[in-house]
Amino acid sequence: MRATTVTRLFIASCLAAYAVTPLSILGAADAFGLFLNRVVKLAPIDAAKVSKACNGDRLCAARLIVETLGPPAQLEAVTHPDTDSIRRVKSQSSISDFRAIGPSTYIMNLDRFGRKLTEEFQAHFRSASGISHLILDLRKNQGGDFDRMRRAAALLTGPVERAIELNGKPVDIPPPTQQLAVPRLTVLIGPRTASSAEILTVLLRKYADADIFGTRSVGKNYLYRMVPVTQDWRLLLPAEQIVVPGETLTGGVLPDGPIPKTLAHHLN
Amino acid sequence: MERIWRTERLHTGAKWDSFGTSLHVVEMLKFPAGALMLHSTFRRCRTGAATLFATALAAAVAATPAAALSDLDNYIFVPNRASADVAVIDARTDKVVAKVQVGLTPHQVAVSGKLGKMVTSNTSDNTITIVDLKTLQTAATLTLGAMPEHIEISPHGDVLAVGNIDAGTVSLVSLKENRELRRVSGLHEPHNMTFSPNGKLLYVSNLGAEFVSVVDVAAGKIINEISIGAPKAMAAKGSQGEEYQGIINVTPTPDGRHGFAAYGEGDALAVLDLRTQKTLKTISVGDTPWRAYATADGKFMIVPNNGDKTVSIISTSSLKEVARLKGAADMTGVNTGASESTAMVLSRGENKAIVIDLRKLTVAGEIALPGTPETGVTTLDGKKLYVALSSSNQVAVIDMEKRTLVGAIGGVGEGPWGAHIAGAGNYCH
């Protein structure tokens, strides 16, 4: 609970700083100044102090910003994807497994929120001959792209207005490209299930009547904004708190119960 | 050394001669205007006979360079990633008339008609190859930054910008002097680049960021970064190695006043005022827009949205989305033609071209392709479209007026990745 309070205070201070910081604080339109201007829109930093300390070195500035802000702000190495994957020549799968475990009962391991998630979902549904019960395994899913998560939710819930709040601002579940009919939905979570995966879990409980089994999830309820620093480094700045009205993300999502024994032996 | 001599007539006046085991090929092309061009398909020519042959042809070429250059518009240049060469197709006969060996994994071709040079970016050996089009011989091989991919020639034809995507740098190369002038750092996976009409500024699309970098070409420095949308939102412990799609391209209007930049992660198309370097307006489009393609008359920007398989049509006068049409999987190119009545949207995911009627703003049909389309180019008269098919090692030929596939050219090389005509509306993935 203490960590959550600290996070809330941190995000609140970010917003307060954003509200009062002039966007053109540094004036000069050099690459370093432009970078600092982007950061001050998201985080309460003393741009003049950072500028003086780092003398045009963006990586130095980013380290100083993280040191000043403390966790959960972080500096992250960029893992450049193969550009062929950007060009859609290649694609990393989001769904690592999809198989039948009984008559019209299927397990789907959804491990990430990749760019082709919607297409993968639809392709698996086409390959199955009628799904009456879908077990969505999110135990290895540590979150990811917030917008792709909303699109994945839409496939199972349909469009929902004001389903989520980001710093109090309502965000919808958008109309799906194709709504998939699933009479019964079960979601599995565990101690690695985090962020977007946790939000998806509670959205499915609330809007698709999903049963949730497993153990308590991580409890990460804020959005990072990615600020490019250099080609190989970027800042992750916590910028918005996520709330799903009527659901609790703080401290982790609590399941309805443990994974039933009848189901456990089917799991990877 | 055993030599195997082979001669084939390819088309009127053309010969293809090879010394099989020594991998030496010399090709003589007789162009319709009478100019002779020498083509050395492989890097070196060691035999005495071949050297004499080459010398004779080179002398002939030197005597008639203007005639050869005046015909450049009739040739399609096709980089082949797997065979590391560029095929030259004569659009009048739809035959391969030459192949030019270049560096490893040629990604894109650019042609400077003014200087009579062709350039390829070779991503696997970090080089560019500059080829003299009078002789079809390598004039220079320059080592640049890591993974040079996209290239753009300045409006005056003398400066080449090369995006070194893995290094986060852009090399500015003098095509007159065949040397790197400056290397600009501070970019984020630089993708396609666009010169201002006077060539003084370069707009660099950052695939790894949500802004366009503006480079002062003479100074070789970034002077501005134009924000296109909000930084990407992640709800995760880290970024999880997500495939981030920032900005692919800034597509200018014909007058160069406005630029259209799609932001893949933001589902939006920004309209930039290129004089003030500010974002004028942001237009919502479909899910994960690829980039904007301009019609030649400047009326529309066509944006494939790969996330929801739709195509947005934007009016450049109203700056509004005037149609959202059904698309297909993995659209990586759009070509227009037939008096700008037709657009072809290439789907590499479904091996087809979607036909859009630009007068009615409707989908008029689709054309099945015999391979995986990469990118294409329309001839300057707008009548024919050539599309590189990477999976079948062919180039498809589409009649833009009849909206039909009229043939597929084989023998272009392995892994054709694009098609390019000097002075046409060229683009790359």
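No lab work stands behind these numbers, since they all come straight from the coordinates. For clarity, every value in this text was computed on a predicted model and none was experimentally measured. Ideal geometry is used to build each Cβ from the backbone, glycine not excepted, and the neighbour counts take in all protein chains shown.
Measuring from a point 7 Å past the Cα of B:T253 along Cα-to-C-beta, which residues in region B:186-207 have an amide N at less than 18 Å? From region B:186-207, the list is B:195-198. Which residue, A:P174, A:P228, A:P103, has the most motion in a Gaussian network model of chain A that connects Cα atoms within less than 10 Å? Per the Cα network of chain A with a 10 Å cutoff, A:P103 tops the list.
Placing a pseudo-label 7 Å from each Cα along the Cα-to-Cβ vector at A:A123 and B:V406 gives an inter-label distance of 3.6 nm. Residues of region B:314-352 with an amide N closer than 11 Å to a point placed 7 Å from the Cα of B:A364 along the Cα-to-Cβ direction: B:337-344. Between A:D256 and A:Q92, the FRET efficiency estimated from the beta carbon spacing at R0 = 25 angstrom works out to 0.20.
Axis of helix A:2-20 versus longest Cα principal axis of chain A: the two differ by about 50°, to the nearest ten degrees.
Annotation for region B:280-315 versus region B:392-429: alpha-carbon center distance of 23 Å. Taken residue by residue and averaged, Cβ atoms of other chains lying within 10 Å of the Cβ of B:185-191 number 5. Springs join every pair of Cα atoms under 10 Å in this Gaussian network model of chain A, and among A:S127, A:S217, A:S94 the largest mean-square fluctuation is at A:S127.
Here the 3J(HN,Hα) profile of region B:412-428, calculated from phi with Karplus coefficients 6.51, -1.76 and 1.60 at θ = phi - 60°, is 7, x, 9, x, x, 10, x, 9, 9, 10, 4, x, 8, x, 7, 7, 10 Hz, Gly and Pro shown as x.
Pairs spanning more than 28 Å between alpha-carbon atoms, out of A:K52/B:K237; A:K49/B:K221; B:K360/B:K402; B:K232/B:K281: A:K52/B:K237. Counting only aspartates and glutamates at least 8 places from B:K200 when in the same chain, those with an alpha carbon closer than 20 Å to its own are A:D30, B:E152, B:D158, B:E177, B:E180, B:D216, B:E225, B:D255, B:D273. Placing a pseudo-label 7 Å from each Cα along the Cα-to-Cβ vector at A:R192 and A:R63 gives an inter-label distance of 3.2 nm. How far is helix A:117-127 tilted off the main Cα axis of chain A, in degrees rounded to 10, range 0 to 90? Between the helix axis and the principal axis of chain A, the angle is about 10 degrees. A full extension of the chain between B:L181 and B:S318 corresponds to an added length of 45.2 nm, given 0.36 nm per residue minus the alpha carbon distance. Once a ≥ b ≥ c are taken as the square roots of the eigenvalues of the Cα gyration tensor of region A:100-226, is the result rounded (a/c under 1.5), prolate (a/b larger than b/c) or oblate (a/b not larger than b/c)? The shape class here is prolate.
When B:V212, A:V229 are arranged by Cβ crowding within 10 Å, least crowded first, meaning fewest neighbours, the order is A:V229, B:V212. Within the P(r) computed for region A:143-216, what percentage of the Cα pairs occupies the region above 18 Å? In whole percent, the share of Cα-Cα pairs in region A:143-216 beyond 18 Å is 37. Here the Gaussian network model covers chain A, with springs between Cα atoms less than 10 Å apart; of A:P81, A:P238, A:P183, A:P81 fluctuates the most.
Based on Cβ point charges of +1 for Lys and Arg and -1 for Asp and Glu, what charge dipole magnitude is obtained for region B:214-350 about its Cα centre, in debye rounded to the nearest 20? Display every interim value, and only then the final one.
Details: 14 positive and 15 negative charges, 46 e Å.
The dipole of region B:214-350 has a size of about 220 debye.
Once a ≥ b ≥ c are taken as the square roots of the eigenvalues of the Cα gyration tensor of region B:213-303, is the result rounded (a/c under 1.5), prolate (a/b larger than b/c) or oblate (a/b not larger than b/c)? Since a/c reaches 1.5 but b/c is at least a/b, the shape of region B:213-303 is classed as oblate.
Once both labels are positioned 7 Å from their Cα atoms along Cα-to-Cβ, the gap between A:K140 and A:L180 label points is 1.8 nm. Taking the 0 to 90 degree range and rounding to the nearest ten, how far is the long axis of helix A:58-69 tilted relative to the main principal axis of chain A, both from C-alpha atoms? Taking Cα atoms only, the helix is inclined about 70 degrees.
Multiply the residue gap between B:T143 and B:A296 by 0.36 nm, knock off their C-alpha separation, and tell me the result in nm, one decimal place. Please list the in-between numbers first.
On the way: separation 153, 0.36 × 153 = 55.08 nm, distance 3.47 nm.
Extending this stretch completely gives an extra 51.6 nm.
Extension gain for the segment A:D82 to A:T248, taken as residue separation times 0.36 nm less the Cα-Cα distance, is 56.0 nm to one decimal.
Kindly state, to the nearest 0.05, the FRET efficiency for B:A219 paired with A:L75, given R0 = 22 Å and r defined as their beta-carbon distance. Walk me through the numbers before you get to the answer.
Details: r = 30 Å, r/R0 = 1.35.
Efficiency, from the Cβ-Cβ distance: 0.15.
Can you pull out the GluC sites (Glu not before Pro) in region B:158-231 whose DSSP state is coil and whose Cβ has at most 12 other Cβ atoms within 10 Å? Those that pass, being in a loop and sparsely packed, are B:E177. Across chain A, C-alpha contacts under 8 Å between residues 6 or more apart give a mean separation that, scaled by the residue count, equals a relative contact order of 17 percent. Taking every residue in A:237-248 and counting other chain Cβ atoms within 10 Å of its Cβ, the average works out to 1. Rounded to 0.05, the FRET efficiency of the A:A48 and B:T93 pair, given R0 = 60 Å and the Cβ-Cβ distance, is 0.35.
Close amide H pairs (under 5 Å, H built 1.01 Å from N) link B:N224 with B:V214, residues at least 5 positions away or on another chain.
Classify region B:115-180 as rounded, prolate or oblate, taking a ≥ b ≥ c as the square roots of the eigenvalues of its Cα gyration tensor: rounded when a/c is under 1.5, otherwise prolate if a/b is larger than b/c and oblate if not. Can you show the working numbers first?
Details: a/c = 2.22, a/b = 1.44, b/c = 1.54.
Oblate is the answer for region B:115-180, as a/c is 1.5 or above yet b/c matches or exceeds a/b.
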